[in-house]
1. What is the residue count in the stretch 43-63 for residues that are surrounded by 14 or more Cβ atoms within 10 Å (Cβ to Cβ) and within 25 Å of His152 (Cα to Cα)?
2. For the stretch 55-106, how many residues are under 24 Å from Arg23 (Cβ atoms), part of a helix (DSSP H, G or I) and either touching a Pro at 6+ places or on another chain (Cβ under 9 Å) or aliphatic (A, V, I, L, M) (or both)?
3. Looking only at residues in the stretch 167-193 that are over 21 Å from Ser68 (Cβ atoms) and within 19 Å of the chain's Cα centre (by Cα), which one is modelled with the highest pLDDT?
4. So in the stretch 65-98, with the set limited to residues that are over 22 Å from Ile53 (Cβ atoms) and of a type in the set (S, T, N, Q), which one is surrounded by the most Cβ atoms within 10 Å (Cβ to Cβ)?
5. What tally of residues in the stretch 154-190 results from selecting those that are on the phi > 0 side of the Ramachandran plot and acidic (Asp, Glu)?
6. Filter the stretch 165-196 down to the residues that are polar (S, T, N, Q) and in a helix (DSSP H, G or I), then identify the one that is surrounded by the most Cβ atoms within 10 Å (Cβ to Cβ).
7. Of the numbered conditions (1) in a helix (DSSP H, G or I); (2) over 18 Å from the mean Cα position of the chain (by Cα); (3) not hydroxyl-bearing (Ser, Thr, Tyr), Val162 fails exactly one; give the number of that condition.
Amino acid sequence: MAESASKVDGVTQINGIYAALGRFTVEFSRMVDAMETDLYFTIGGNQLLLRSITAEMTADPLRRAWRSIMTQATELSPQDVDVLAKLSSEISKVINLRNDWAHGTWFVGFGSDEVQSQASLMRFKNLAKGLARPSQLESRPTAAYIEQAATHTNVIAQAVQVFGGTVHMRQTTDTKVRPSDRVRITKKDGHSEIQVSGNGMDWVATEWPLLLSSTGGPGD
């Protein structure tokens with residue numbers, strides 16, 4: 001009976017990892033969609049034609065285009081420019097994580113029942129000094145860690161949407177609200193904390209998930 005219960009628990013842990021990865025994939029797509037939507041509304045015109053331009057853009061070129069258009073669409077204050085730069089950097093981190101997760105090799109359900117709460121992720125890149133593992137990539141992600149990354153990505157998607165929506169509102173109305181009134185990025189315990197509010201009163205916050213352990217390997 002104990003062995004059967006252990007197997008059931010192991011299956012539950014494995015399914016949790018798969019479910020968390022699925023949620024991260026969905027939240028990442030929402031972040032990308034938020035950038036695309038910002039472009040469509042900020043540029044205006046025939047959105048179907050604009051979509052034909054962005055339809056096959058990968059995430060990082062889209063991020064760079066999004067940042068450029070946000071910069072030029074309306075007059076930004078120094079605080080707005082600072083938030084935009086930091087938000088773009090946080091988006092870049094998520095894109096790198098998504099690429100490492102998508103192109104890495106995953107092992108789920110390996111070893112004893114006790115370690116099935118963790119996946120094993122193997123990822124290498126060709127860098128200037130040769131083959132190396134990404135130094136900030138968690139090599140033993142748990143379902144909880146992946147869920148934390150998904151939640152973080154969800155808040156970034158909200159920040160992108162609110163920043164772009166405020167830029168568009170400043171284009172079309174005489175509002176005094178600035179993007180930096182709705183999106184804030186500060187340092188907390190050495191990590192960037194992102195705060196976002198659609199109305200200036202109700203705030204949600206997130207910070208970049210911490211590594212669970214050292215990844216090791218060449219290049220660290």
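The values are calculated or read from the model by the stated rules, or taken from the named source; none is laboratory data. Treat the numbers as computed from the prediction; the structure is a model and nothing was measured. Note that each Cβ is placed from the backbone with ideal geometry, even for glycine, and that neighbours are counted across all protein chains shown.
1. Selection size over the stretch 43-63: 5.
2. Within the stretch 55-106, the subset under 24 Å from Arg23 (Cβ atoms) is 57-60, 62-63, 66, 87-106.
Those still in the list that are part of a helix (DSSP H, G or I) too: 59-60, 62-63, 66, 87-103.
Narrowing the set further to residues that are either touching a Pro at 6+ places or on another chain (Cβ under 9 Å) or aliphatic (A, V, I, L, M) (or both) leaves 59, 62, 87, 91, 94-97, 100-102.
Selection size over the stretch 55-106: 11.
3. First, pick out the residues of the stretch 167-193 that are over 21 Å from Ser68 (Cβ atoms): 173-177, 181, 184, 186-193.
Filter once more, so that each one left must be within 19 Å of the chain's Cα centre (by Cα): 184, 186-188, 190-193.
Working: Arg184: 96, Thr186: 91, Lys187: 83, Lys188: 76, Gly190: 74, His191: 80, Ser192: 85, Glu193: 91.
That would be Arg184.
4. Asn96
5. So the first thing to find is which residues in the stretch 154-190 are on the phi > 0 side of the Ramachandran plot, and the list is 189-190.
Next, only the ones that are acidic (Asp, Glu) stay: 189.
Of the residues in that region, 1 qualify.
6. The first filter runs over the stretch 165-196 and keeps only residues polar (S, T, N, Q), leaving 166, 171-173, 175, 180, 186, 192, 195.
The next check asks that each one be in a helix (DSSP H, G or I); those that pass are 166, 171-172, 180.
Values: Thr166: 22, Gln171: 13, Thr172: 10, Ser180: 19.
Residue satisfying both the conditions and the ranking: Thr166.
7. Going through the list (1) in a helix (DSSP H, G or I); (2) over 18 Å from the mean Cα position of the chain (by Cα); (3) not hydroxyl-bearing (Ser, Thr, Tyr), Val162 breaks only (2).
Conditions (1) farther than 17 Å from Ala143 by Cβ; (2) in contact with a Ser or Thr (Cβ under 9 Å, 6 or more places away or on another chain); (3) at pLDDT below 90, marked per residue:
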| residue | (1), (2), (3) |
| --- | --- |
| Ala55 | yes, no, yes |
| Arg64 | yes, yes, no |
| Arg67 | yes, yes, no |
| Thr74 | yes, yes, no |
| Val81 | yes, yes, no |
| Leu84 | yes, yes, no |
| Ser89 | yes, yes, no |
| Asn96 | yes, no, no |
